[in-house]
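Data first, discussion second: the structure below is written as structure tokens.
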Amino acid sequence: MSTILVNGGRVLTGTARVSGAKNSALKLMAAALLAPGASVIRNVPDITDVAVMADVLRHLGATVTRHGHTLTIDATGVADVEAPYELVAQMRASIVVLGPLVARFGRARVAMPGGCNIGSRKIDMHVSGLERLGAEIAFEHGFIEATAPSGLTGADVILDFPSVGATENLLMAAVLARGTTVIDNAAREPEIGDLVDMLVAMGARIEGRGTATLTVEGVEALAPAEHATIGDRIEAGTLLAAGAITGGEVTVTGFEPMHLEMVLAKMVRAGCAFEILPDGATVRRTGPLGAVDVATLPFPGFPTDMQAQFMAMMAIADGSCVITENVFENRFMFADELKRMGADIDIEGHRAIVRGVERLEGAPVRSPDLRGGAALVLAGLAAEGETRVTDIHHILRGYEGLTGKLAALGADVRIAED
């Protein structure tokens, strides 16, 4: 087992470049299933989740090769339509192979998804949406079985909630459906736009990119394409928060600042100053952090994936604030670990009351999930003494070289093998 060791108290300065977006790359890989031939996806992060998705695609019969940060996925030989439990259970995002498989082959059998233990991310909208497109859905022995022997047919679909995963699955199903599909209350996250761009490059006809209404004109077939993954806005936010929590000046490049607009606005209210760059941003903080209320919402609201990192900042801010989690019900599990470091936090349902303390103290803590683990590393940067973060496989799922990037900014942080 590996541990991240952090000795706090150092002010971070310098420049870091983010990797490609995890939450985009995984869906782009699934999209490659829609067409025989070799699709090329550039700027793909070297993380555990990508390796798991590559194994899912290989199990289905695709050939997946990596050269640096470029993946080549040849879906010509895909013959199996079953994504097995032992792979899907490792990562919830695997559910997005359901749409492309049933669209291209008329059949899919996908194990119920697993992944971070941050709440019951239900698949009801995936299922009801595919049923609207004409798929027959059955649940047997822990698998979702979707069949459409005569193909899918376009339809109007209204999502109960702007679910990112459901929007992506339905997009990938609709591009090969007969007729027109309209997805209302669609998710507007930048990663959705990235998927739309790749699908259009493959020959799909999609209108409404970046809006809550996506209109898809089905085509008979798609062709492989080449596409570059957008920069990871959540990694960017994490690194900017690292600069802010230590009181340094950190420049983060490789991402679109508008994708992080709400996070930057909240950090400004907390006492940070920003210089917006063409492909990134620089954060500076010369005074103390101030407490700011935050409520997570779908894009363009404050992202749930930045809630934990922001709470780590608020743990040492002047004053008290309320952080409201509106997306996932179990996303405060890391707060108990943060309290081990001296944070003053009370959880009341889906709200956390955070009272800033003068300083945090290094302590042994456990990473409960991907973003919570990253938040504990940030807290360690600002704490006195050594912080030992265990269960770091959660962090490695979504961050490429996080400790190396932080060390390059001046942090005393490393991965130790126990």
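Here, each number is a calculation from the coordinates, and none is a lab measurement. The structure displayed is predicted, hence computed values, not measured ones. A quick note on method: Cβ atoms are made from the backbone with ideal geometry, for glycine too, and the neighbour counts reach across all protein chains shown.
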What's the FRET efficiency of D318 with A89 using the Cβ-Cβ distance as r and R₀ = 56 Å, to the nearest 0.05? 0.80
So what is the 222 nm mean residue ellipticity for the chain from helices alone, if each DSSP H run of at least 4 adds -39500 (n - 2.57) and you divide by all residues, rounding to the nearest 500 deg cm²/dmol? -9000 deg cm²/dmol
If I compute percent of Cα pairs over 35 Å apart from the structure I just sent, which labelled value in (i) 31; (ii) 27; (iii) 20 lines up? (ii)
Using only Cα atoms, find the angle between the long axis of helix 370-382 and the longest principal axis of the chain, and express it within 0 to 90 degrees, rounded to the nearest 10. 20 degrees
Ranking S150, S2 by Cβ neighbours within 10 Å, fewest first, what do you get? S150, S2
Given H placed 1.01 Å from N in the peptide plane, which residues other than close sequence neighbours of D318 have an amide H under 5 Å from its amide H? L289, G290, A291
How much FRET efficiency would the formula 1/(1 + (r/R0)^6) give for S128 and D279, where r is the Cβ-Cβ distance and R0 is 41 Å, rounded to 0.05? 0.55
Name the shape class, rounded, prolate or oblate, that the alpha-carbon gyration tensor gives for region 155-198, where a ≥ b ≥ c are the square roots of its eigenvalues, rounded holds for a/c under 1.5, and otherwise prolate holds if a/b is larger than b/c and oblate otherwise. oblate
The residues V88, V78, sorted from fewest to most surrounding Cβ atoms within 10 Å, come out as V78, V88
Percent RCO, i.e. relative contact order, over region 222-345, from Cα pairs under 8 Å lying at least 6 residues apart: 21 percent
With a cut-off of 8 Å between alpha carbons and a minimum separation of six or more residues, what is the relative contact order of the chain in percent? 21 percent
When the Karplus curve 6.51 cos²θ - 1.76 cosθ + 1.60 is applied with θ = phi - 60°, which whole-Hz ³J(HN,Hα) does each residue of region 332-348 get, with x for Gly and Pro? 9, 4, 6, 4, 4, 5, 5, 5, 4, 8, x, 5, 10, 9, 10, 9, 10
Segment D160-E348, length gained on full extension (0.36 nm per residue, minus Cα span): 65.1 nm
For region 255-311, what does the relative contact order come out to in percent, with C-alpha contacts under 8 Å and a separation of six or more? 31 percent
On a 0 to 90 degree scale, rounded to 10, what angle separates helix 48-60 from the longest Cα axis of the chain? 10 degrees
Computed P(r) (all Cα pairs; region 329-418; 10 Å bins; percent): 17, 50, 29, 5
Tell me, what ³J(HN,Hα) does each residue in region 208-220 have, in order and in whole Hz, if you take phi through Karplus 6.51 cos²θ - 1.76 cosθ + 1.60 with θ = phi - 60° and put x for Gly and Pro? x, 3, x, 10, 7, 10, 10, 10, 10, 9, x, 10, 6
Going by C-beta contacts inside 10 Å, put V182, V365, V327 in order with the fewest on the left. V182, V327, V365
Protection proxy ranking of 98-111, 188-201, 291-304 - average other beta-carbon atoms within 10 Å, highest first: 98-111, 188-201, 291-304
Would you mind checking which residues have amide H under 5 Å from T15's amide H? H placed 1.01 Å from N; only 5 or more apart, or other chain. T251
Once you put a point 7 Å from the Cα of M112 and another 7 Å from the Cα of E261, both along the Cβ direction, what distance in nm separates them? 3.9 nm
Could you give the length gained by full extension between E358 and A295, i.e. 0.36 nm per residue of separation minus their alpha carbon distance, to one decimal place? 20.3 nm
7 Å from Cα along Cα→Cβ at both A79 and D336: what's the point-to-point distance in nm? 4.9 nm
Once the Cα atoms of helix 190-201 and of the chain are each reduced to a long axis, what angle between those two axes, in degrees from 0 to 90 to the nearest 10, is obtained? 30 degrees
Kirkwood radius from Cα pairs of region 192-278 plugged into Stokes-Einstein at 25 °C, 0.890 mPa s, gives D in µm²/s equal to 160 µm²/s
Student exercise: in the chain, how many lysine pairs 8 or more apart or on different chains have Cα atoms under 27 Å apart? 8
Is region 83-217 best put as rounded, prolate or oblate by its Cα gyration tensor, with a ≥ b ≥ c the root eigenvalues, rounded for a/c under 1.5, and otherwise prolate when a/b is larger than b/c, oblate when not? oblate
Whose amide H sits under 5 Å from the amide H of E386, counting only residues 5 or more places off or on another chain, with H placed in the peptide plane? G362
Can you run phi through the Karplus equation (6.51, -1.76, 1.60; θ = phi - 60°) for region 130-143 and list ³J(HN,Hα) in whole Hz, with x for Gly and Pro? 5, 5, 4, 7, x, 7, 9, 10, 9, 10, 9, 6, x, 10
